[in-house]
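The values are calculated or read from the model by the stated rules, or taken from the named source; none is laboratory data. Bear in mind that the values here come from a model prediction, so they are computed numbers and not experimental data. Here Cβ is always computed from backbone atoms with ideal geometry, including for glycine, and neighbour counts include all displayed protein chains. Heads up: the accessible areas ignore ligands, DNA and RNA and are worked out on the full protein's heavy atoms, side chains in. Shrake-Rupley method; radii C 1.70, N 1.55, O 1.52, S 1.80 Å.
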Amino acid sequence: MKKKKIILVIGGHDPTGGAGIVADIETAGHYNFHALSILSCTTIQNTSKMTKVNKMPKNYIYQSFQEIIKEFKIDVIKIGLLPSIQSSKEVFKILNNSKIKGVPIVLDPIIKTGSNIKVTTDNNLKFLAKNIYPKAEIITPNIYEYNIIKNITNNFKEKNIKNILITDYEIKNKHIKLRLKDNIKNQDSYYQINRYGKNYHGTGCTFSTALACGIGLKRTYDESIKIAISYIKDAIKTSSISGKKQLFLNRKL
């Protein structure tokens, strides 16, 4: 029997199932990955707005990892919402653990919700920019998040981050352009996805997890990005469930 690849996903819980850890697990399943999951927070929200972010108990994140790593060999890590310094410091300990040395990390920096609610603090963003983003193989901010990260601290060294994929670098009538900044090779690459008229819930989480699965399967960044774009396209085109403000992706293709 062929063994499944294993992805560790760290992120928030969205009770609608449209984004966060549920989106990560469903997307990983599409690529035949087994998902280990650690909650960074829980949220109270629907598709209209987020009401509250609840922190996890102190040491929950790192202690969960310590138990998981006793039994499982992780192939790739995807990190989503880290709402507080506490959660970020525990993830920092995970990333410094010798048992995941060499494991690729994909990080989706989440700063605010689609309903414009900020879900982290400036101090936490400074900690992330200095300590955690440089440990990732690639981070996937949208243009708003990229500009916030770039401007959050005067001494932020963008070149310390290996790869930055800006997921909505340029938006035109029918297309969205993505920009990959490869700071190792010092070169840029561009990709394109169709722009759909409606508002879809969880596209960022889903895309970054699909990207992580591609990388976990030893695909190149170029191949992994194209795989993730194709998956998002199909998930949007076959969506069938709708909340009041947003539609849900069909990740079980």
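Summary table below
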{"item": "Spin-label pair T220/K185, simplified geometry with 7 Å Cα→Cβ offset, distance in nm", "result": "0.6 nm"}
{"item": "Cross-link pairs beyond the 28 Å C-alpha cut-off, checked among K73/K150; K126/K162; K172/K226; K3/K99; K55/K245; K4/K70", "result": "K73/K150"}
{"item": "Charge context of I171, other residues only, Cβ under 11 angstrom, K/R +1, D/E -1", "result": "+2"}
{"item": "Shape metrics for segment 43-151, restricted to C-alpha atoms - Rg then Dmax, Å", "result": "14.4, 42"}
{"item": "Förster-model FRET efficiency, 25 Å R0, H175 and N147, C-beta, rounded to 0.05", "result": "0.75"}
{"item": "Cα-based Rg / Dmax (Å) for segment 142-253", "result": "15.1, 46"}
{"item": "Sum of side-chain charges, K58 neighbourhood, beta-carbon under 14 Å (Lys, Arg +1; Asp, Glu -1)", "result": "+2"}
{"item": "Loop GluC sites (Glu not before Pro), segment 1-107 (other Cβ atoms within 10 Å of the site Cβ: 14 or fewer; DSSP)", "result": "E71"}
{"item": "Calculated over the chain: convex hull of Cα atoms, volume per residue (Å³)", "result": "122 Å³"}
{"item": "Proximal aspartates and glutamates relative to K198, as straight alpha-carbon distance under 15 Å, when same-chain residues fewer than 8 apart are discounted", "result": "D234"}
{"item": "Label-point separation in nm, K233 to N96, each point 7 Å along Cα→Cβ", "result": "4.3 nm"}
{"item": "Heavy atoms of K112: accessible area, 1.4 Å probe, square angstrom to 10", "result": "70 Å²"}
{"item": "Loop trypsin sites (Lys or Arg not before Pro), segment 167-209 (other Cβ atoms within 10 Å of the site Cβ: 10 or fewer; DSSP)", "result": "K172, K174, K185, K198"}
{"item": "Candidates per chymotrypsin sites (Phe, Trp or Tyr not before Pro) in segment 1-105, loop by DSSP, up to 13 other Cβ within 10 Å", "result": "F72"}
{"item": "Helical mean residue ellipticity (222 nm; -39500 (n - 2.57) per DSSP H run of 4+; nearest 500) of the chain", "result": "-9000 deg cm²/dmol"}
{"item": "Percent antiparallel among DSSP beta bridges (both partners in the chain, rounded to 5)", "result": "50 percent"}
